[in-house]
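Student: A single structure is presented below for examination.
Bear in mind that the values in this text are calculations on the coordinates, not laboratory data. Every value quoted in this text rests on a predicted model; they were computed, and no experiment measured them. A quick note on method: Cβ atoms are made from the backbone with ideal geometry, for glycine too, and the neighbour counts reach across all protein chains shown.
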Amino acid sequence: MESWRLKDDLDLEDFRGSWLSHPSNSEFLNGAKLALFRRIQGSPKLRAMFLTTAADGSVALCPKAMKIYEAHAQDFLKPVLVLAHVAPGPPLRASELLLVMWRNTARQRHMLMWEKLVMLYVQYHKGQQQLGVYKDNIRFLPKAIGDLLLMYIAYVIPLRQMFLRQQTPGALISPYLWSKSDGTV
């Protein structure tokens, strides 16, 4: 997933909207949503790890494997969080960085694509919060870090969503980039 190829609508306000829903990106995202699950199905070793056969003969995802996968996803996010925190310039405050959303909710997301780079757009600053006036705090991630996050969102989050739904039917993965599967940051 390369940021220079992708498009984003910075004014998109659709619920759950993001660069993933931009029509121009469909050719780059074709199959991404199920790519990791297909990889599990296609590999005998991964299939043995992630899929179990119940007594009635039905196939289900292994709860232990899903838990281990989630732990690995969280372990992956920790160093990426540090890179996103320090690399683009003066560090953001924890309250700014940890609340970055990758897709829209009732509020607009903070992770956007602009000028072929991943942009973090937050509006919180200690001094301005006390005065009631917010200023834009914009950071562009270095290309390598931004592309890594884009791949994580396109490939890993859909599999995490599938695993979450197996454990809690109807549950949705959090829009917060750095969240755990239970929604906590």
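Student: Would you mind getting me the FRET efficiency between Glu2 and Ser95? Use the beta-carbon distance for r and R0 = 25 Å, nearest 0.05. Before the final figure, lay out the partial values.
Tutor: Numbers: r = 31 Å, r/R0 = 1.23.
About 0.20, to the nearest 0.05.
Student: Then there is this: Say we join alpha carbon atoms closer than 10 Å with springs in a Gaussian network model of the chain; which of Glu27, Glu96, Glu70 then has the biggest fluctuation?
Tutor: Glu27
Student: Same structure again: For Ala55 and Asp182, what does the FRET efficiency come to when R0 = 22 Å and r is the distance between their Cβ atoms, rounded to the nearest 0.05?
Tutor: Numbers: r = 29 Å, r/R0 = 1.33.
Efficiency computed from Cβ-Cβ geometry: 0.15.
Student: Along the charge dipole of the stretch 33-154, Cβ charges K/R +1 and D/E -1, which of Val59, Leu117, Leu92 sits furthest on the positive end?
Tutor: Val59
Student: About its Cα centre, what dipole magnitude does the chain give when the only charges are +1 on Lys and Arg Cβ and -1 on Asp and Glu Cβ, stated in debye to the nearest 20?
Tutor: Values: 23 positive and 15 negative charges, 97 e Å.
With Lys and Arg at +1 and Asp and Glu at -1, about 460 debye.
Student: I need to check one value: relative contact order of the stretch 42-185, counting alpha carbon pairs closer than 8 Å and at least 6 residues apart, in percent.
Tutor: Answer for the stretch 42-185 is 21 percent.
Student: GNM, the chain, Cα, under 10 Å: largest mean-square fluctuation among Val82, Val59, Val122?
Tutor: Among Val82, Val59, Val122, the largest GNM mean-square fluctuation belongs to Val59.
Student: Would you mind computing, in nm to one decimal, how far apart the modelled labels at Ser43 and Asp136 are, each placed 7 Å from Cα along Cα→Cβ?
Tutor: 4.2 nm
Student: Under a straight-distance cross-link criterion of Cα-Cα below 16 Å, which aspartates and glutamates are reachable from Lys180, leaving out those fewer than 8 residues away in the same chain?
Tutor: By straight Cα distance, Lys180 reaches Glu70, Asp75.
Student: So which aspartates and glutamates pass the test for Lys64, namely a Cα distance under 15 Å, with those fewer than 8 places away in the same chain ruled out?
Tutor: none
Student: Taking the dipole about the Cα centre of the chain, with the C-beta of Lys and Arg at +1 and of Asp and Glu at -1, give me whichever of His22, Leu46, Leu77 is farthest to the positive side.
Tutor: Leu46
Student: Still on this structure, please answer the following. For the chain, what does -39500 (n - 2.57) per DSSP helix run (n ≥ 4), summed and divided by total residues, give at 222 nm, in deg cm²/dmol to the nearest 500? Mind dumping the intermediate values first?
Tutor: Numbers: 8 runs with 76 residues, N = 185.
-12000 deg cm²/dmol, from helical runs alone.
Student: Hey, what's the Kirkwood Rh for the stretch 3-167 if you take every pair of different alpha carbons, in angstrom? Before the final figure, lay out each step's value.
Tutor: Values: mean 1/r = 0.0561 Å⁻¹.
With all distinct Cα pairs of the stretch 3-167 included, I get 17.8 Å.
Student: Quick one: of Lys67/Lys116; Lys33/Lys143; Lys7/Lys67, which pairs are farther than 31 Å apart, Cα to Cα? It would help to have the intermediate numbers written out before the result.
Tutor: Values: Lys67/Lys116 35 Å; Lys33/Lys143 22 Å; Lys7/Lys67 34 Å.
The answer is Lys67/Lys116; Lys7/Lys67.
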